[in-house]
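Bear in mind these aren't lab numbers, they're just calculated from the coordinates by the rules spelled out. Everything numeric in this text was worked out from a predicted model, so none of it was measured. Positions of Cβ are backbone-derived with ideal geometry, glycine not excepted, and every protein chain shown enters the neighbour counts.
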Amino acid sequence: MSYQELIPLSLTEIVGDFAFKDFANNGNINSFFIGCLGYIGVVYYLIKSLQGSTVLYVNGAWDGLSALIESIAAYFILGERLESSYQVMGLVFIIIGLFFLKIPLKNEKNIPFPTLFKKA
């Protein structure tokens, strides 16, 4: 697992989350389908991230990076704001946590995506 898998994982999650937020608040059926497509991407990149890694490591890195990227996107795209300095400190601790996880930039293991059906 590396940032090479985690960034697309987090970005597809943002697509799904933002679209589902629009569907939840406005009932836009197109947003529902975009949200579903976003989460299909999440499944793909999660599988790629888990190859050669552990659930514990991937989950911690994904949660932290996703929280950071999605918070930045919500701030700039949706215009949302945090309500207190404690919430800002929470994001700072997430950044510190990502640093301590020592996530590599690129995955050195080139593991092919698993096939659903094996040839007999």
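Taking mean projected area of the Cα convex hull in nm² as calculated from this structure, the corresponding entry among [x] 9.6; [y] 9.1; [z] 16.1 is [x]. As a rough footprinting exposure proxy, the listed residues 89, 1 were ranked by other beta carbons within 10 Å of their own, and the order from fewest upward is 89, 1. Counted by Cβ distance under 14 Å from residue 42, the other residues give a net charge of -4, where Lys and Arg count +1 and Asp and Glu count -1. For chymotrypsin sites (Phe, Trp or Tyr not before Pro), the sites in the range 44-120 that DSSP calls loop and that have at most 10 other Cβ atoms within 10 Å are 117. Listed by Cβ neighbour count within 10 Å, with the fewest neighbours leading, 80, 70, 5, 13 appear as 80, 70, 13, 5. Residue separation of residue 25 and residue 111 scaled by 0.36 nm, minus their Cα-Cα distance, works out to 26.9 nm of gained length. Among the trypsin sites (Lys or Arg not before Pro) in the range 47-107, those placed in a DSSP loop whose Cβ has at most 12 other Cβ atoms within 10 Å are 81, 102, 106.
Excluding residue 74 itself, what net charge comes from residues whose Cβ is under 15 Å from its Cβ, given Lys and Arg +1 and Asp and Glu -1? Don't skip to the answer; put the middle values down first.
Working: positive: 21, 81; negative: 13, 17, 22, 70, 80, 83.
That sum, taken over residues with Cβ under 15 Å, equals -4.
Using a simple spin-label model with pseudo-atoms 7 Å out from Cα toward Cβ, residue 92 and residue 37 lie 4.0 nm apart. Only Cα pairs under 8 Å and 6+ residues apart enter the sum, and on that basis the relative contact order of the chain stands at 36 percent. Only Lys, Arg, Asp and Glu carry charge here, each on its Cβ (+1 for the first two, -1 for the last two); on that basis the chain has a dipole of about 560 debye about its Cα centre.
Count of lysine pairs in the range 25-120 with Cα atoms under 25 Å apart, counting only pairs 8 or more residues apart in sequence or on different chains? Present the calculation step by step, with values, prior to reporting the outcome.
Details: 48/102; 48/106; 48/109; 48/118; 48/119; 109/118; 109/119.
Value for the range 25-120: 7.
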